[in-house]
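One structure below.
The values are calculated or read from the model by the stated rules, or taken from the named source; none is laboratory data. Owing to the predicted nature of the structure, the values given are computational and were not obtained by experimental measurement. Here the Cβ positions follow ideal geometry from the backbone for every residue, glycine too, while neighbour counts run over all protein chains shown. Areas reflect the complete protein model, heavy atoms only, side chains present, ligands, DNA and RNA absent. Shrake-Rupley method; radii C 1.70, N 1.55, O 1.52, S 1.80 Å.
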Amino acid sequence: MRTDERGMAGAIEILLVVVVLGVIGFVGYRVVQSHKPKAKTAASTAATETAKEQTWKEGGFAVAGTYADASVLQVGDKQWRMYYGVQPEVAGNQLEVYSATSTDGKTWTQEAGTRKTRATFPEVVKLADGRYRMYYQGAGVLKSAISTDGLSFTDEAGTRMDTANDEGLVFDNVAAPSVVQKADGTFVMVYRGSINTRYAANTPNPSTQLLMWATSANGLTFTQKGIAVDSRTSTLNGQLDGPDLVKWDDGYRLFATTYTGVYQFSFDGAKFGAPTLALAGEAKKTDMGFTGAPPGDPTTAKIDGTWFMYYGGPHDQNGIHYATLQ
């Protein structure tokens, strides 16, 4: 009997040891697991990437010289063309529009000759039939010219947009057209309207400038839709110029310049969102007024997966500069 008791007791002791070791092992495993970094799921990775704030980082000159008001579009598999105008202040100019090409968005080579004369704020879009249409300001209204090769443009008859509107606004002129064609074929134009009245005593310009918009089925006859963005606010201070409406990664965005920098706005096809500062440059607002020159008349383009913004520099750095979204 004692032998059996000792055998039974030994078996029980062994069982207890096994159980204790198992418990210790399980607890240890849980402790180790709790200290391991958790594997990232696709959803958490996407959320982290979305949370990262992208900013525009200024580069250098895209085109140096007395030029402004760029428009950029892709014309080949690895080739982009920039259209831009001579600054109207240049003595003896004929309001020429020039062009340059690039394969990387940073280095641009000017093409020979002029694309157009007597035109400011050029905006060029490539049509579904392969032709190119240039929208521009001429004599205070918006006009257009057509081209088969993107180099030689011929004026089209009529006016695309004049100063008349249904908002009760008395415009001295309209300018700076930006045009995109949606997937359904509709053309959307955003443009600047200028009122010959200073917005506030401390604002630099003697005029008030806001943005209007219109749509068209054929790119020639536009129907006004009203005010796109009203600049008569404490944020925009009665000034918006050089609008750039662009098909973005997640929809449409509108960029435009005011005294304190380039602002961006969302666009859902029916209305434009609230302003968000995108790139200030040297500009700022103080209690004494406004200082520094903001990046002027922006245009954006996605080149080899990177978003570029092209804009006019301050007067001591004449030319078209660029920044990249990083």
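Just a few scattered comments:
- Residue match in segment 234-249 (condition: open to solvent by 40 Å² or more (accessible area, probe 1.4 Å) and within 26 Å of residue 126 (Cβ to Cβ)): yes
- Qualifying residues in segment 181-205 (those that are polar (S, T, N, Q) and part of a strand (DSSP E or B)) - the one most open to solvent (accessible area, probe 1.4 Å): 181
- Residue check, residue 106 within 22 Å of residue 300 (Cβ to Cβ), of a type outside the set (A, V, I, L, M), open to solvent by 40 Å² or more (accessible area, probe 1.4 Å) and touching a Gly at 6+ places or on another chain (Cβ under 9 Å): yes
- Number of positions in segment 119-143 that are more than 21 Å from the chain's Cα centre (by Cα), of a type outside the set (A, V, I, L, M) and closer than 19 Å to residue 320 by Cβ: 1
- If you go through segment 81-103 and keep only what is surrounded by fewer than 18 Cβ atoms within 10 Å (Cβ to Cβ) and within 21 Å of residue 130 (Cα to Cα), you end up with 101, 103.
- Consider segment 206-218 and keep the residues that are small (Gly, Ala, Ser) and either under 20 Å from the mean Cα position of the chain (by Cα) or open to solvent by less than 60 Å² (accessible area, probe 1.4 Å) (or both). The one that is nearest to residue 241 (Cα to Cα) is 207.
- Subset of segment 69-80 [more than 16 Å from the chain's Cα centre (by Cα) and open to solvent by less than 20 Å² (accessible area, probe 1.4 Å)]: 80
- Close pairs from segment 92-120: first under 25 Å from residue 137 (Cα atoms) and in a strand (DSSP E or B), partner modelled with pLDDT under 95 and open to solvent by 40 Å² or more (accessible area, probe 1.4 Å), Cβ under 9 Å, at least 6 apart: 120/88
- Single residue of segment 283-305 satisfying the filter (in a strand (DSSP E or B) and open to solvent by 50 Å² or more (accessible area, probe 1.4 Å)) that is farthest from residue 215 (Cα to Cα): 286
- Checking each residue in segment 263-282 for being part of a strand (DSSP E or B) and either closer than 23 Å to residue 312 by Cβ or touching a Leu at 6+ places or on another chain (Cβ under 7 Å) (or both) picks out 263, 264, 265, 267, 272, 276, 277, 278, 279.
- Residue check, residue 267 over 14 Å from the mean Cα position of the chain (by Cα) and aromatic (Phe, Trp, Tyr): no
- Every condition in (1) open to solvent by 10 Å² or more (accessible area, probe 1.4 Å); (2) among the polar types (S, T, N, Q); (3) touching a residue at least 60 places away in the same chain (Cβ under 8 Å) holds for residue 178 except the one numbered (1).
- Where a residue in segment 244-260 is in contact (Cβ under 8 Å) with a residue 40 or more places away in the chain and its partner, wherever it lies, is of a type in the set (Lys, Arg) and outside any strand (DSSP E or B), with Cβ under 7 Å and at least six apart: none
- For segment 268-282, taking the residues that are free of Cβ contacts under 8 Å to residues at least 40 places away in the same chain and of a type outside the set (Val, Ile, Thr), the one that is most open to solvent (accessible area, probe 1.4 Å) is identified as 271.
- Single condition residue 221 does not satisfy, out of (1) within 21 Å of residue 298 (Cβ to Cβ); (2) more than 23 Å from the chain's Cα centre (by Cα); (3) open to solvent by 10 Å² or more (accessible area, probe 1.4 Å): (1)
- Number of the condition not met by residue 254 [criteria: (1) crowded, with 22+ Cβ neighbours inside 10 Å; (2) at pLDDT below 95]: (2)
- Across segment 228-243, the number of residues qualifying as part of a strand (DSSP E or B) and either touching a residue at least 60 places away in the same chain (Cβ under 8 Å) or over 25 Å from residue 166 (Cβ atoms) (or both) comes to 3.
- Of all the listed residues (186, 203), the sole one being of a type in the set (Val, Ile, Thr), in contact (Cβ under 8 Å) with a residue 12 or more places away in the chain and more than 24 Å from residue 247 (Cα to Cα) is 203.
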